[in-house]
Amino acid sequence: MENSYTVVLDNDVKDYINALLEKSEEAYLMALEIINKPTVKYRTEGFCFFICNAWELVLKAFIIRRANDIAAMNFKRNPNQTLGLGECVEQVFTSTTDNTKTNINMVRSIRNKSTHNILPEYDFMFAPLFQRCINNLLKFFDRHFDDYDINSSITPFVALSNAPGKGNTPLILNPTSLAQMKLLEAELDTQDKHGDITQTIRLMTTKKSAEADLKFSISTDSEQAAHFVNVPKDINVTHPFSAKEAVKNIQESLSLTYGNSFGFNMHTFTRFCTKNKIKEQQSYTYKIEHGKTALYKYSQELINYVVYMYAPENKKD
């Protein structure tokens, strides 16, 4: 990729760049909102349209700043026409093996063909590709426009989790769609590992065998015994949220996912915790005692659980 350049910008250029960055941010937030709405069937198409728009605008801002000239985003042979996303990508990402460039071009290809070739069953298959596209965009902002405060209060994650229904196999409309799937697999396989997202899996024991995914037994035989190991935990990592912070995160997640916070507030949170005995479950709550007083810290797992329970199809009160 081209390196950033330090130049003294004209005031008009500064204003224009800032306007482009603001529009890019709006497009990014629209992409994130539409991809996380479970009731929208046009998620893939909508996400690709808005995230491509976000990339085009921020890349134009980069090109203009580098040249210190607003006209730098125009075609030289036709000053009345601005560069498209493809041309911007080629100007900024000069390496043919750049992972960010490959990712953008893949999403751009999906955008160009999605009107006819994308089925709802494909949505969940694209989630890793889309998440990577979001991560790359935020990294680009951070590296090249670190003085611009892009919205950091919204969790930048794609929450698609709906695989095709039981017994349903994703349909292939034509050979182009099949080729697109193969390109997607290749892009995900070659992406560098620095863009990966860590996922934590926590196992819990239960006496209800019907609910268990795995079964084990305790044995005195050293070759077959199951051993329990107590591992020190960093509470700031496992339970990082105060009650106020937990409520704020739940409100944002509800609004982002369902377009409605359902009036969730501190009173609602307290009532929910009491009703579901949350403070008795260490995976959700950690109690810190100070003399006769106690401070409770909450986990991301609890936030996810509350958001799930307040989904329209699950919410009972």
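Values as computed for the structure displayed
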item: Test: residue in the range 248-255 that is crowded, with 18+ Cβ neighbours inside 10 Å and more than 24 Å from the chain's Cα centre (by Cα); result: no
item: Which listed residue is in contact with a Leu (Cβ under 7 Å, 6 or more places away or on another chain) and among the basic types (Lys, Arg), from 43, 65, 77; result: 65
item: Boolean, residue 116 is buried (at least 20 other Cβ atoms within 10 Å of the Cβ), in the same structural domain as residue 43 (by TED's automatic domain parsing) and either modelled with pLDDT under 80 or over 19 Å from the mean Cα position of the chain (by Cα) (or both); result: no
item: The range 39-90, residues that are of a type in the set (Lys, Arg), under 23 Å from residue 131 (Cα atoms) and crowded, with 17+ Cβ neighbours inside 10 Å; result: 43, 60
item: Odd one out for residue 50 among (1) over 23 Å from residue 155 (Cβ atoms); (2) touching a helix residue (DSSP H, G or I) at 6+ places or on another chain (Cβ under 8 Å); result: (1)
item: The one condition in (1) at pLDDT below 65; (2) assigned by TED's automatic domain parsing to the domain that holds residue 281 that residue 230 fails to fulfil; result: (2)
item: Residue match in the range 127-141 (condition: surrounded by fewer than 21 Cβ atoms within 10 Å (Cβ to Cβ), in contact with an Asp or Glu (Cβ under 6 Å, 6 or more places away or on another chain) and modelled with pLDDT under 90); result: no
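Listed here are the residues, each with its yes/no results for (1) touching a strand residue (DSSP E or B) at 6+ places or on another chain (Cβ under 8 Å); (2) of a type in the set (Val, Ile, Thr); (3) farther than 27 Å from residue 36 by Cα.
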| position | (1), (2), (3) |
| --- | --- |
| 234 | no, no, yes |
| 241 | yes, no, no |
| 248 | no, no, no |
| 255 | no, no, no |
| 261 | no, no, no |
| 267 | no, no, no |
| 277 | no, no, yes |
| 286 | yes, no, yes |
| 295 | yes, no, yes |
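Each row is one residue, and each column tells you yes or no for (1) modelled with pLDDT under 75; (2) in contact with a Pro (Cβ under 8 Å, 6 or more places away or on another chain); (3) outside any helix (DSSP H, G or I).
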site	(1), (2), (3)
222	yes, no, yes
237	no, no, no
244	no, no, no
250	no, no, no
254	no, no, no
257	yes, yes, no
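The values are calculated or read from the model by the stated rules, or taken from the named source; none is laboratory data. These numbers were taken from a predicted model, which means no experiment stands behind them. In this analysis, Cβ positions are derived from the backbone assuming ideal geometry, glycine residues included, and neighbour counts consider all displayed protein chains.
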